[in-house]
Protein chains: 2
Amino acid sequence: MNEVLTRERILEAAEQVFRRFGPHKTTVVDVARLLGVSHGSVYRHFDSKIALRDAVVEGWLKRTSDPLAAIATSGEAPAKRLRLWFSTLLKLKREKVKSDPELFSVSRTIFAEAREVVARHVDTLVGQLEIIIGDGIASGDFRPVDPRATAQAMFDATARFHDPAHGAEWSAPDVDAGFDRVYALVTAGIVA
Amino acid sequence: MNEVLTRERILEAAEQVFRRFGPHKTTVVDVARLLGVSHGSVYRHFDSKIALRDAVVEGWLKRTSDPLAAIATSGEAPAKRLRLWFSTLLKLKREKVKSDPELFSVSRTIFAEAREVVARHVDTLVGQLEIIIGDGIASGDFRPVDPRATAQAMFDATARFHDPAHGAEWSAPDVDAGFDRVYALVTAGIVA
DNA sequence: CAACTGACAGACTTGCAATTCTGTCAGTCG
DNA sequence: CGACTGACAGAATTGCAAGTCTGTCAGTTG
């Protein structure tokens, strides 16, 4: 209340309110109220409600990409690292559906609206895959494929198992078997 | 008007009205009116509006699976046949989004609500892929993989390019390149 | 008597008045 | 003078009254 109003404090409050009321019900006035300021003050730090929402989504997505970055740049053998990267991605995504299915289903809409932020996130993830594949080629574990194109293709090929658009299918009992089949197929194409 | 009222005539009329007013706006009374009967008569042939809608969608999906069946059982070389099958699948799906986005969007709703119709359709398609892959193994063009599991994996791996949940992404300019990358990756794993 | 109608109850949808929200900006405060 | 407020216009959303639809069934028709 009596501290300086910063971008960070607003983001923190916004996330708290998003979580409580859901992103669509949340108003700028709600966020301002939690901070004990008028909503006009929020507009000194964010150009629009959309800018604020995008910033919150960005932070939220970062919580997925950061642990994956650690895996991508670890010293683990590329084949093992690749498998761990994917299983962690699926684990993180599924935890999100389970822990808050309501927020997850709303997040699908939010993602569709915040295309740019999500595109950047996907780019980050594909970049991480590219590093693993590049390392695998260098070590001779993978065939000399184009790392960027292959990273993109692997990400797209596994979309059914990590894209929020398919979230409803993840509770089926045979999803794990389905992913294993796809993973076996796509890695069959790159292992030396 | 003066002919006997059959399931087929109702389906025909229903499809016509669906196409004209959009499936959400269409009422059972609209369908009955086009046939010159009361809506009560429609209920002699279909248990509910949902049953009628499902039957219409079933016929619609058949228009995708029938031409694909012809390709799957053609005498073409398996590798070429596989490629043709997929490019036809994508072409048909994209035509549907373009020519009738309203009807297309309802099929998305049906995915969540009445899974049975769609599940049967997907089973049919995977079965067709299985035939092509089986033929390819017999001819020595493909490695001796499990045809059913591989068919399922190929279908899942290409979901982003044919699953209605991703329909909005198909208008992007780089989708074709994206599909080519994924196709190259998954076939790299099976060609002998 | 089989094929059909149309009135009906309750579920669902629509339109729109009332309310609430966003984004601005002239004005206050320390 | 820079951080902040709050009244305001127009956009967006909500709630709910009025209207429409689904599914049924007793009654009509050829």
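Data for the structure
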| read-out | value |
| --- | --- |
| C-alpha center-to-center spacing [region B:60-86, region A:1-64] in angstrom | 52 |
| GluC sites (Glu not before Pro) restricted to region A:68-164 and DSSP loop, no more than 16 other C-beta within 10 Å | A:76 |
| Long-range HN-HN contacts of residue B:142 with modeled amide H, under 5 Å | B:137, B:192 |
| Relative contact order computed over region B:38-192 (Cα-Cα under 8 Å; 6+ residues apart), in percent | 24 |
| Calculated [θ] (222 nm, deg cm²/dmol) that DSSP helices of n ≥ 4 give over chain B, each run adding -39,500 (n - 2.57) | -24000 deg cm²/dmol |
| Rounded if a/c under 1.5, otherwise prolate or oblate - the protein assembly as shown, Cα gyration tensor axes | oblate |
| In order through region B:133-145: 3J(HN,Hα) via Karplus (6.51 cos²θ - 1.76 cosθ + 1.60), integer Hz, x for Gly, Pro | 5, x, 4, x, 5, 4, 7, x, 6, 10, 5, x, 7 |
| Distance from region A:127-156 to region A:87-116 (C-alpha centre basis), Å | 26 |
| Most mobile listed residue (A:165, A:177, A:69) in chain A, GNM with C-alpha springs under 10 Å | A:177 |
| Gyration tensor over alpha-carbon atoms, chain B, equivalent ellipsoid semi-axes in Å | 37, 18, 13 |
| Region B:1-65: GluC sites (Glu not before Pro) falling in loop per DSSP and having at most 15 other Cβ within 10 Å | B:3 |
| Cross-link table A:62/B:98; A:96/B:25; B:49/B:98; B:62/B:93; B:25/B:98; A:25/A:91, entries beyond 24 Å C-alpha to C-alpha | A:62/B:98; A:96/B:25; B:49/B:98; A:25/A:91 |
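Read-outs: derived from the displayed coordinates by stated rules, not from any lab. Source: prediction; values computed, not measured. Here the Cβ is made from the backbone with ideal geometry for all residues, glycine too, and neighbour counts use every protein chain on show.
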